[in-house]
1. Identify the single condition in (1) touching a residue at least 24 places away in the same chain (Cβ under 8 Å); (2) more than 21 Å from residue 19 (Cβ to Cβ); (3) touching a Gly at 6+ places or on another chain (Cβ under 9 Å); (4) not aromatic (Phe, Trp, Tyr) that residue 132 does not satisfy, given that it satisfies every other one.
2. Please verify whether segment 23-33 includes one or more residues that are out of contact with any strand residue (DSSP E or B) (no Cβ under 9 Å at 6 or more places or on another chain), of a type in the set (Asp, Glu), more than 24 Å from residue 154 (Cα to Cα) and assigned to a helix (DSSP H, G or I).
3. Might you let me know whether segment 117-126 holds any residue that is modelled with pLDDT under 95, closer than 22 Å to residue 35 by Cα and not in a helix (DSSP H, G or I)?
4. When the residues of segment 39-92 are filtered to those that are surrounded by fewer than 18 Cβ atoms within 10 Å (Cβ to Cβ), small (Gly, Ala, Ser) and part of a helix (DSSP H, G or I), which remaining residue is modelled with the highest pLDDT?
5. When the residues of segment 7-24 are filtered to those that are more than 17 Å from the chain's Cα centre (by Cα) and surrounded by 11 or more Cβ atoms within 10 Å (Cβ to Cβ), which remaining residue is farthest from residue 73 (Cα to Cα)?
6. Restricting to segment 50-109, name every residue that is in contact (Cβ under 8 Å) with a residue 12 or more places away in the chain and aromatic (Phe, Trp, Tyr).
Amino acid sequence: MVPTGRNETPLERCDRNLVELLQEVRVMQTGVQVLFAFLLTVPLAARFPTLSDFQRIDYFVTLLAAGAAAVFLIAPTAHHRILFRRGDKEHLVQVANRLTLAGLAFVAISMVGALLLVADLVFGGLVVVATAALAAIGCVTLWCLAPLHRRRTLDRPPLTRPRGLHRLTGRDVAAPAGALAERAEVRGADLRPSQ
């Protein structure tokens, strides 16, 4: 188990992880539901019959992605309700995490698809390509690459991490006192035994 600097039992850690995960899902669900509702109304618009084949395919793929995102993001809540009080919280947290990551991927696809459709309807040409590319790059970079890079940095042994000062505390983050002491120092906690 990775030390967290918290004084909690494994069950308390699972409880906290599940609560944090469900809070994150609530934030995403609202956006997905609004996008999905908007997409469901698009065929009712007067301009819909004039869409090109590309725009219709883009619309349908985006609608499917938004629907899949909603399904994947609602699934952790359903799992929690069905497995409630069964003593399987660690499994629930792992499954909910995977479902949420899959849901995030579908959120990204639906957002890029919606931007692609609107850009194609309003501007066309290079604006469509630039809009879709920037949205896709933004989602991949901010939602995937940046957290994975940080995760890789945290998983490295403390002496191989880059030296420098923590941007908030001004303390040296590469102190050779060990991973737990270093992480606690970066987070502002003091886990050294009192004298």
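The values are calculated or read from the model by the stated rules, or taken from the named source; none is laboratory data. Everything numeric in this text was worked out from a predicted model, so none of it was measured. With ideal geometry, Cβ positions are generated from the backbone for all residues, glycine too; neighbour counts draw on all protein chains shown.
1. Answer for residue 132: the failing condition is (1).
2. No, segment 23-33 contains no residue that is out of contact with any strand residue (DSSP E or B) (no Cβ under 9 Å at 6 or more places or on another chain), of a type in the set (Asp, Glu), more than 24 Å from residue 154 (Cα to Cα) and assigned to a helix (DSSP H, G or I).
3. For segment 117-126, residues modelled with pLDDT under 95, closer than 22 Å to residue 35 by Cα and not in a helix (DSSP H, G or I): present.
4. If we take residues in segment 39-92 being surrounded by fewer than 18 Cβ atoms within 10 Å (Cβ to Cβ), small (Gly, Ala, Ser) and part of a helix (DSSP H, G or I), then 67 is modelled with the highest pLDDT.
5. Step by step, filter segment 7-24, then rank; the result is 8.
6. Those that are in contact (Cβ under 8 Å) with a residue 12 or more places away in the chain and aromatic (Phe, Trp, Tyr): 54, 59, 72, 106.
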